[in-house]
Amino acid sequence: MIIAPAELHDVAKLLAFREEAAAWLRRLGSDQWSRPYPADKLLATIEAGTVFMLRDGHTTAATITLTPDAEEGLWTGDELAEPSMFINKLTVAREYSGQNLGGRLLDWAGDRAHRAGARWIRLDAWTTNDGLQRYYLSQGFTHVRTVRKGVAVNGGPRVSGWLAQRTAQPADHGFTDRSPAPTRLRFAA
């Protein structure tokens, strides 16, 4: 499988991934991702070069967003002073579930973050999705805290404030990586 940056034409696929994931989560009793995601915000992340697609031939199997920018109001000033990259919107197509693609994408993200000079890969997960939280813990993440107050970037109430991190480190994820070399992080020493 090949991982490469998302392209502008991938917006429709990414929105469909989110809808598929939201429907699956609803069947599990979760309200995660029940609100539509604005296509213009998704397009901006693609243009910023932070969205990556995992392709199996002509089929997109999964996606991950990896950015040096933290969502406002989640991490402390001291935490933001540490070199970190942030994972968002990790989604695996249902037809590819059970193949550990999510775990391998997390390894890829940790490897890429390490090459960019990050100490940590960090994420925020849905505060009421215990299964997702257990998944991240099983992937080597440590729970930092849960932020329940504040307003999310999209103007709604804070719903994704379960914060976790793990060390950014080299990894053998097994993908053919066609993404450009990561930009080195700038941080206060």
Query raised in the report: With respect to Leu123, is the statement that it is touching a strand residue (DSSP E or B) at 6+ places or on another chain (Cβ under 6 Å), at pLDDT 95 or above and within 19 Å of Arg55 (Cα to Cα) true?
Result: no
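Do we have any residue at all in the stretch 109-120 that's on the phi < 0 side of the Ramachandran plot and at pLDDT below 95? Lay out the reasoning, then the answer.
If we filter the stretch 109-120 for residues that are on the phi < 0 side of the Ramachandran plot, which is where we start, we get 109-116, 118-120.
Still in the running and at pLDDT below 95: none.
No; the residues of the stretch 109-120 include none that is on the phi < 0 side of the Ramachandran plot and at pLDDT below 95.
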Query raised in the report: What residue, among those in the stretch 162-188 that are aliphatic (A, V, I, L, M) and part of a loop (DSSP other than H, G, I, E, B), is surrounded by the most Cβ atoms within 10 Å (Cβ to Cβ)?
Result: Ala168
Query raised in the report: What's the number of the condition Leu90 fails, among (1) surrounded by fewer than 19 Cβ atoms within 10 Å (Cβ to Cβ); (2) under 16 Å from Tyr136 (Cβ atoms)?
Result: (1)
Query raised in the report: Filtering the stretch 79-101 down to residues that are among the small types (Gly, Ala, Ser) and in contact (Cβ under 8 Å) with a residue 60 or more places away in the chain, which residue is farthest from Ala116 (Cα to Cα)?
Result: Ala93
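Any idea which of Leu74, Leu90, Leu43 is assigned to a strand (DSSP E or B) and either touching a helix residue (DSSP H, G or I) at 6+ places or on another chain (Cβ under 8 Å) or at negative phi (or both)? Give the steps one after another, and end with the answer.
Details: Leu74 fails: assigned to a strand (DSSP E or B); Leu43 fails: assigned to a strand (DSSP E or B).
None of the others qualify; the one that does is Leu90.
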Query raised in the report: What pairs come up if the first residue lies in the stretch 63-78 and is touching a residue at least 60 places away in the same chain (Cβ under 8 Å) and over 16 Å from Leu185 (Cα atoms), the second is part of a strand (DSSP E or B) and among the aliphatic types (A, V, I, L, M), and their beta carbons are under 8 Å apart, counting only those six or more places apart or on different chains?
Result: Gly73/Val151; Leu74/Leu163; Trp75/Leu163
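The values are calculated or read from the model by the stated rules, or taken from the named source; none is laboratory data. All figures in this text were calculated on a predicted structure; none of them were measured in a lab. Methodologically, a virtual Cβ is constructed for each residue, glycine included, from the backbone with ideal geometry; neighbour enumeration extends over all protein chains shown.
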